[in-house]
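*Asks:* Have a look at this one.
Bear in mind that the values in this text are calculations on the coordinates, not laboratory data. As the structure is a computational prediction, the values presented were derived from the model and not from experiment. Don't worry about glycine lacking a Cβ; one is built from the backbone with ideal geometry, like all the others, and counts go over all protein chains shown.
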């Protein structure tokens, strides 16, 4: 009798992905799928795919899926979750999608405390369109639309999504993890598990940011890309939990009594 | 149910509830804000949910998501807001999901003004977003018809899995008239939508997307949509005629509010022995070309009257090829009086 100790999660389909070699989307997909399996959520999960490299994520996950307009996944997820609150809804968004064109949608979904989960893949560049500058591109990092490096005088400093969203008063779970460092992968999965668990308990909005790699558009081999994520991104995008629903509300909040 | 006196915008909200809609995502904009205000207050009584979005972009993508979940859903806005919603309308059309949009049109372009206009006719019937698609467009001319068409809009959206738009103006939205609502539809009794995103329990996953990278697959979608539009053109045309006779001095073409001003002028001139008929399309898409053309064949002269610089006139010309189509319109939110319109009719007949 041979015991199976490692297999494809049921929440992933048996297909090859289109992701470039060395890209961390694949690991991230797998971690989400493992968590959905372990929490027994697959059959009531709806994913919302972004516009960006993960635009075809619906071909890889084995659950219901919608494909959103660029940046609008949190709005679409709001519509789905509000209409069917028993579903588990997650969006999967890149840095251009979430932190540039979709800034309003992600900010207000978090502020309303929408009970869905956001997976935010930050690789500091636009991947699918061919390596343009992202809102999260590092200072002096070269991209096709900043060929001399990001100039913070004209493009500003990179947007730190977890830091910004964790300042919102509405309770939420906000964490930054990475799949680019092997020893960090179990911690990434723990954060995902918490995020989906909080949603299943109808507690709060949750967002897990993955500091990710883009060997193709960074012009590096996969190993060098993982090293660069550690040396050049993580000091500015530190890993950890930024906010949990157990955090106390800020002082000075005068909650107005209702009429009745 | 007895007739009640209601504002057009409130009647739109109540009619949506009667149609089994329990979700509204919207953003305030004059002159339609009474719809979200009415529903924010009324929805809790029927276990409905009102969500104020951060923008029209978000509101429209929320109803796109809601529609994907198989739920009847509504948003209302006015011209500048509808422009922002055009993104989601295109996606809804491409994904083939049923949604109902209401545009209480105000004068433009740009921020324009807040007074009534029909300047979004082209946008609604020709260019409601990027790509090759059509939406059903229904145009009421009174509060009762606004309520009736809202209920019809939900059924048509489901029937064709396609966006439907109600095109009104500030007068329809703001005026109070008696209205009688149809029977309350229980959302639980609506037909199942097997394509909806409800969780892949005991079935293969449902995927709702408007992305088709294979040109052959995308062309097949375009052809399927075309077949749907041909079907709409075959069976969904609606119109009203008024005072049509065989030897009319003039046939008037008008939609929405302008048709009522036209009718008043027609009644007055009829007393003087001048025969003028009126043709009012209720569906702006599909436009009732054949019926409009038949009316044209009975009249010596034709005129389109609009609260714009002349947009529906394009469709009147298509309905009556080779005929000269005259035009009278006001813009900027100015609504002509029946006397203004009467004088235009007389000038044209006597010329």
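*Asks:* Roughly how crowded by other chains is peptide B:200-210, in terms of the mean Cβ count from those chains within 10 Å of each of its Cβ atoms?
*Replies:* 6
*Asks:* Would you work out if region B:123-175 is rounded, prolate or oblate? Take a ≥ b ≥ c from the square roots of the eigenvalues of the alpha-carbon gyration tensor; rounded if a/c is under 1.5, else prolate when a/b is larger than b/c, oblate otherwise.
*Replies:* oblate
*Asks:* Helix B:143-160 against the longest principal axis of chain B: what's the angle in degrees, Cα atoms only, rounded to the nearest 10?
*Replies:* So the helix axis and the longest Cα principal axis differ by about 50 degrees.
*Asks:* Could you line up A:187, A:176 from fewest to most neighbouring Cβ atoms inside 10 Å?
*Replies:* The most exposed by this proxy come first: A:187, A:176.
*Asks:* Let me make sure I get this right: for region B:49-150, a, b and c are the square roots of the gyration tensor eigenvalues over alpha carbons, sorted descending. Under 1.5 in a/c it's rounded, otherwise prolate if a/b > b/c, else oblate. Which is it?
*Replies:* Rounded.
*Asks:* Averaged over peptide A:44-53, how many Cβ atoms belonging to another chain are found within 10 Å of each residue's Cβ?
*Replies:* That works out to 3 on average.
*Asks:* When only C-alpha pairs under 8 Å and at least 6 residues apart count, what is the relative contact order of chain B, in percent?
*Replies:* RCO, chain B: 18 percent.
*Asks:* Assuming a viscosity of 1.002 mPa s and a temperature of 20 °C, what translational diffusion coefficient in µm² per second does Stokes-Einstein assign to chain B, Rh being the Kirkwood radius over Cα pairs?
*Replies:* Calculated translational D: 103 µm²/s.
*Asks:* Now, a different point. Say R0 is 30 Å: what FRET efficiency, to the nearest 0.05, do residue A:254 and residue B:52 get from their beta-carbon distance?
*Replies:* 0.85
*Asks:* Connecting C-alpha atoms closer than 10 Å in a GNM of chain B, tell me which of B:73, B:235, B:57 has the biggest fluctuation.
*Replies:* Looking only at B:73, B:235, B:57, the biggest GNM fluctuation is shown by B:235.
*Asks:* Average partner chain C-beta neighbours within 10 Å, per residue of A:57-69?
*Replies:* 6
*Asks:* Does anyone have the angle between helix B:56-68 and the longest principal axis of chain B? Alpha-carbon axes, 0 to 90°, nearest 10?
*Replies:* Once rounded, one gets 60 degrees.
*Asks:* Between helix B:8-18 and chain B, what is the angle of the helix's C-alpha long axis to the longest principal axis, kept within 0 to 90° and rounded to the nearest 10?
*Replies:* So the helix axis and the longest Cα principal axis differ by about 40 degrees.
*Asks:* Of the candidates A:91, A:103, A:154, which one comes out as most mobile in a Gaussian network treatment of chain A with C-alpha springs shorter than 10 Å?
*Replies:* Sorting by GNM fluctuation, first place goes to A:154.
*Asks:* Another question, if that's okay. For the residues A:5, B:305, what sequence is obtained by ranking on other C-beta atoms within 10 Å, fewest first?
*Replies:* A:5, B:305
*Asks:* Roughly what % antiparallel, to the nearest 5, for the DSSP beta bridges in region A:25-243?
*Replies:* 15
*Asks:* Between residue A:197 and residue B:203, take the C-beta separation as r, use R0 = 30 Å, and let me know the FRET efficiency to the nearest 0.05.
*Replies:* 0.70
*Asks:* Take each of the peptides A:219-231, A:197-209, average the number of other beta-carbon atoms within 10 Å over its residues, and list them starting from the highest.
*Replies:* Result, highest mean Cβ count within 10 Å first: A:197-209, A:219-231.
*Asks:* Only helical DSSP H runs with n ≥ 4 go in: add -39500 (n - 2.57) per run for the protein assembly as shown, normalise by residue count and round the 222 nm mean residue ellipticity to 500 deg cm²/dmol.
*Replies:* Dividing the helical sum by the residues of the protein assembly as shown leaves -10500 deg cm²/dmol.
*Asks:* Mind checking which of B:290, B:45, B:268 has the largest fluctuation in a GNM of chain B, springs on alpha carbons under 10 Å?
*Replies:* B:45
*Asks:* Under the definition of Cα pairs under 8 Å and six or more residues apart, what whole-number percent is the relative contact order of region A:1-86?
*Replies:* 27
*Asks:* Please arrange A:64, B:267, B:315 by how many other C-beta atoms lie within 10 Å of their C-beta, fewest to most.
*Replies:* B:267, B:315, A:64
*Asks:* What translational D, rounded to a whole number of µm²/s, comes out for the protein assembly as shown from Stokes-Einstein when the hydrodynamic radius is the Kirkwood one over Cα pairs, at 25 °C and 0.890 mPa s?
*Replies:* 93
*Asks:* If you don't mind, another one. Once you keep just the Cα pairs under 8 angstrom separated by 6 or more residues, what percentage relative contact order results for region A:25-243?
*Replies:* Rounded, it is 19 percent for region A:25-243.
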